[in-house]
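The values are calculated or read from the model by the stated rules, or taken from the named source; none is laboratory data. Here the structure is a predicted model, which is why all the values come from computation and not from measurement. Neighbour counts are summed over all protein chains in view; Cβ atoms, including those assigned to glycine, are modelled from backbone coordinates with ideal geometry.
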Amino acid sequence: MRTTRLASLLLVLMCWLSLNAFGEMSHVYSLEQYIAKLDDLSSLADKAADDSSAAESAIQELRGGWTLNTDNGGFDFSTSWLVSQFEKLQAGSNADVQKQILERIAAMKVDAIAYQQPAIDNSASRAVLEKILARPEFHQAHGPTWLDRLQYKISE
């Protein structure tokens with residue numbers, strides 16, 4: 001009975017510590033949602049110079065990081081840089097900080113749009129390369145053997 005209480009207490013303590021240690025959970029978005037969120041952040045950055053509540057909204061949206069789920073897998077994004085920049089913007093209007101935020105968000109959006117493009121088909125180039133490497137002069141191509149390396153070290 002005593003061990004059951006102790007185990008329950010430890011379980012509650014571990015849950016409480018994990019919630020405090022990790023803070024807010026990551027926001028999970030699809031690629032389309034991610035691009036829309038970047039657009040929202042860009043408009044918040046535009047407004048943040050005049051309105052500190054816009055910066056606070058952006059900070060709340062960015063806390064906890066972002067996870068992007070795609071057909072090819074998921075990506076975790078640290079949003080800590082953007083949070084710190086929006087905090088600077090919230091503390092006082094700074095055109096350089098606002099410009100850096102807008103440039104970073106624009107770069108993230110360009111990367112996301114490029115990721116949507118289909119992969120380049122390089123099967124024709126690969127076939128040509130395999131044909132070249134199948135020639136007789138490449139059959140014996142290999143790096144130095146252990147004996148070659150030993151002879152080289154002895155000769156040095």
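Structural remarks
- So I113, is it modelled with pLDDT of 90 or more, under 30 Å from D76 (Cα atoms), of a type in the set (A, V, I, L, M, F, W, C) and within 22 Å of the chain's Cα centre (by Cα): no
- When residues of the stretch 43-59 are limited to those that are under 24 Å from the mean Cα position of the chain (by Cα) and buried (at least 23 other Cβ atoms within 10 Å of the Cβ), the one nearest to V97 (Cα to Cα): A45
- Check on D148, within 14 Å of the chain's Cα centre (by Cα) and part of a helix (DSSP H, G or I): no
- Just one of the listed residues (I59, I120) is over 30 Å from L41 (Cα atoms) and of a type in the set (A, V, I, L, M, F, W, C), namely I120.
- Sole exception among (1) in contact with an Asp or Glu (Cβ under 9 Å, 6 or more places away or on another chain); (2) within 20 Å of K109 (Cα to Cα); (3) at pLDDT 75 or above; (4) surrounded by 15 or more Cβ atoms within 10 Å (Cβ to Cβ) for L62, by number: (1)
- Pairing each residue of the stretch 64-90 that is closer than 13 Å to A112 by Cα with any residue that is loosely packed, with under 11 Cβ neighbours inside 10 Å and at pLDDT 90 or above, provided the two are 6+ apart or on different chains, yields no C-beta distance under 8 Å.
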